[in-house]
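The values are calculated or read from the model by the stated rules, or taken from the named source; none is laboratory data. Small disclaimer: the values here were computed from a predicted structure and weren't measured. Glycine gets a Cβ as well: all are built from the backbone with ideal geometry, and neighbour counts include every protein chain shown. Ligands, DNA and RNA are stripped out before the accessible areas are found, and what is left, the full protein with its side chains, is counted by its heavy atoms. Shrake-Rupley method; radii C 1.70, N 1.55, O 1.52, S 1.80 Å.
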Amino acid sequence: MNSSEIMGNEQTLMPNVYAKRPLMLVRGKGALVWDANDRQYIDCTSSYGVSFLGHCHPAVVEAIEKQAERLIACHGSFHNDVRSALVRKIVDVSPKGLDRVFLSNSGAEAVESALKFARRSTGKPEIIAMMGSFHGKTMGALSATWDKKYREPFEPLIPGFRHVPYGNSEKVRQVVSEKTAAIIVEPIQGEGGVRLPPTQYLGELREICDDRNVCLIFDEVQTGFGRTGKLFALEHWNVIPDILCLGKAVAGGLPMGITVAKSEIVSTLKVGEHSSTFGGAPVVCAACKASFDLMTQERLWEKAAKLGEHFQQGLKSLQSKSVIIREVRGLGLMLGVEFKFDILNIITGCMNTGVLVLDAGRNVVRFLPPVVISPEQIDQAVKVLGTAVGTEEHARLPSAAIG
Ligand SMILES: Cc1ncc(COP(=O)(O)O)c(C=O)c1O
């Protein structure tokens, strides 16, 4: 079968729900991926933030191989040595007071679990979420997600969700009521355009939650695990939530959702009220434990912070030469470049020149590269973006406007 036949299979035999790029990736190593014709790309997507440690990190591969020969599946109703070691590790590295861990299989499930835990522990029904938020596409997570193009086709969603402007704690204060179970927020909005909060914002949400007996949920599915230059993004503002959601990168590329919560929250759940057949499967736990070990032994968040600064400088210097870039923003290796126009051509231009980048809304190019990316690869990515930007400037603006 040639590559167009293979791509055709995916197109015709799967629902058309992914905006597919005309590119088939067949292998990866570190910050690089290759297509079926052995063409190499610098991967500034990390598969939407998943491969933060780099593709096929040897420590993760070894952990998977070893565990695959011992025990692949083990339901949560049995004890398991690897799972036990993993939850110990997660609690050890989690913020103080977050000492209970529920394991699932995706970011959306980590969020579902958090919403259920909040409702169960408070006995209250309502959830306050933010405009611009993204929490996943299962029905509960989707109810918390903002974008109406994801929500409307599936309404009615779960009742009791309200959205308020991100970054405005006063609005939260106005809508919080005796029925509010939780406030859910991404410390930095990812899909919503790499948006950072005002400095006091998360602390103010903490205060509101403390005053009104409301659970504060941080969705760090995208920002967690070293991505922003700290192990958890919450460390930038020193605010500890009641429930923390993790996903994407935590298991070195295997599917894993983690919900870490305070013991007084999860102690309200009774046997059978929540579970997952695959959640905490030994092979995934082994990959996740190896990933956390690597993260803490090598303090990879510090590397992300340094590389991120280098990347951001490169992007800012590009901005200073371009009339179509509005803003460069982000923290660590979570970066966004906001354009004055739609960025589809820029993403395609980068791909055609060997660099894979993401969008975050219609006019933000998002970079989520792995922490093993080299400064030279970053420079190359900036250069390729520069070429794509230049081409776009010429295409969009009258020549007098370019200079
Ligand atoms: C902040 C955030 N929460 C939740 C999710 C959903 O994760 P998943 O796609 O693994 O269900 C995402 C995915 O992009 C995310 O960025």
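Per residue, how many Å² of accessible area does the stretch 23-155 show with a 1.4 Å probe? Walk me through the numbers on the way to the answer.
Details: 6540 Å² over 133 residues.
Spelled out: the 1.4 Å probe surface of the stretch 23-155, per residue, equals 49 Å².
Rounded to a whole number, what % of the accessible area of the stretch 71-218 do carbon and sulfur atoms account for, probe 1.4 Å?
Details: 3570 of 6730 Å².
Carbon plus sulfur share of accessible area: 53 percent.
Could you check how much of the accessible area of the stretch 286-373 is carbon and sulfur, as a whole percent, using a 1.4 Å probe?
On the way: 1650 of 3350 Å².
So the carbon and sulfur contribution to the accessible surface is 49 percent.
Taking a label point 7 Å from the Cα of Ala395 along the Cα→Cβ vector, which residues of the stretch 342-366 have an amide N closer than 11 Å to it?
Label zone hits: 342-350.
If you keep only loop residues by DSSP, which GluC sites (Glu not before Pro) in the stretch 123-203 have at most 11 other Cβ atoms within 10 Å of their Cβ?
Answer by residue number: Glu178.
If I take every Cα pair under 8 Å that is 6 or more residues apart in the chain, average their sequence separation and divide by the length, what percent do I get for the relative contact order?
Numbers: 814 pairs, mean separation 87.0, N = 403.
Reported as a whole number, the value is 22 percent.
Ordered by residue, what ³J(HN,Hα) values in Hz, to whole numbers, does the stretch 364-371 give under the Karplus form 6.51 cos²θ - 1.76 cosθ + 1.60, where θ = phi - 60° and Gly and Pro are x?
Running phi through 6.51 cos²θ - 1.76 cosθ + 1.60 with θ = phi - 60° gives 10, 8, 10, 10, 10, x, x, 6 Hz.
Towards the positive end of the charge dipole of the stretch 263-403, with charges on Cβ (+1 Lys, Arg; -1 Asp, Glu), say which of His394, Gly332, Gly361 has the farthest Cα.
With unit charges placed on the Cβ atoms, the residue in question is His394.
If each residue of separation counts as 0.36 nm, what is the full-extension length gain between Tyr18 and Tyr150 once their alpha-carbon separation is subtracted? Spell out each step's value before the answer.
Details: separation 132, 0.36 × 132 = 47.52 nm, distance 1.25 nm.
The span from Tyr18 to Tyr150 would gain 46.3 nm if fully extended.
Near the amide H of Glu327, under 5 Å away, which other amide H atoms are found, from residues 5 or more places off or on another chain, if H is placed in the peptide plane?
Glu338
Cα to Cα, under 15 Å, and not fewer than 8 places away if on the same chain: which aspartates and glutamates meet these conditions relative to Lys321?
Cα-Cα hits under 15 Å: Glu338, Glu392, Glu393.
Between Arg362 and Arg88, how many nm apart are label points set 7 Å from Cα along the C-beta direction?
With each label placed 7 Å out from Cα toward Cβ, I get 5.3 nm.
Going 7 Å from the Cα of Trp34 along its beta-carbon direction, which residues of the stretch 46-82 have the amide nitrogen within less than 18 Å of the resulting point?
54-58
Per 0.36 nm of contour for each residue apart, how much would the distance between Lys321 and Glu273 grow if the chain were fully extended, relative to their Cα-Cα spacing? Mind dumping the intermediate values first?
On the way: separation 48, 0.36 × 48 = 17.28 nm, distance 5.65 nm.
Taking 0.36 nm per residue and subtracting the Cα distance, the gain is 11.6 nm.
Return the loop-located trypsin sites (Lys or Arg not before Pro) in the stretch 13-121 (DSSP other than H, G, I, E, B) with at most 16 other Cβ atoms within 10 Å of their own Cβ; answer none if there are none. Display every interim value, and only then the final one.
Details: sites: Lys20, Arg27, Lys29, Arg39, Lys66, Arg70, Arg83, Arg88, Lys89, Lys96, Arg100, Lys116, Arg119, Arg120; in loops: Lys20, Arg39, Lys96.
Loop-located and lightly packed - Lys20, Arg39, Lys96.
How large is the dipole of the stretch 1-82 about the Cα centre if only Lys and Arg carry +1 and Asp and Glu carry -1, each at its Cβ, rounded to the nearest 20 debye? Kindly include the intermediate steps, with their values, before the conclusion.
Working: 7 positive and 9 negative charges, 34 e Å.
With only Lys, Arg, Asp and Glu charged at Cβ, the dipole is about 160 debye.
Please give the helix 3-13 orientation as an angle from the longest Cα principal axis of the chain, in degrees from 0 to 90, rounded to the nearest 10.
With both axes taken from Cα atoms, the answer is about 40 degrees.
Determine the dipole magnitude for the stretch 49-187: charges of +1 sit on the beta-carbon of Lys and Arg, -1 on that of Asp and Glu, nothing else is charged, the reference point is the Cα centre, and the result goes in debye to the nearest 20. Don't jump to the answer; show the numbers that get you there.
Numbers: 19 positive and 15 negative charges, 85 e Å.
Dipole magnitude for the stretch 49-187 comes out near 400 debye.
Listed here are the pairs Lys149/Lys340; Lys20/Lys316; Lys96/Lys116; which of them are more than 24 Å apart at the Cα? List each step's numbers first, then the result.
Working: Lys149/Lys340 22 Å; Lys20/Lys316 30 Å; Lys96/Lys116 22 Å.
Flagged as over cut-off: Lys20/Lys316.
Placing +1 at every Lys and Arg Cβ and -1 at every Asp and Glu Cβ, with all other atoms neutral, what dipole size does the chain have around its Cα centre, in debye to the nearest 20? Before the final figure, lay out the partial values.
Details: 45 positive and 43 negative charges, 62 e Å.
I would put it at about 300 debye.
Rounded to the nearest whole Å², what accessible area per residue is found for the stretch 243-292 with the 1.4 Å probe? Don't jump to the answer; show the numbers that get you there.
Numbers: 1640 Å² over 50 residues.
Per-residue value: 33 Å².
Once you place label points 7 Å from the Cα toward the Cβ at Asn352 and Val175, how far apart are they in nm?
Roughly 4.2 nm, to one decimal.
Hand me the GluC sites (Glu not before Pro) from the stretch 345-401 located in a DSSP loop with no more than 12 other Cβ atoms within 10 Å, in residue order please. Let's see the in-between values first.
On the way: sites: Glu376, Glu392, Glu393; in loops: none.
Nothing satisfies the criteria.
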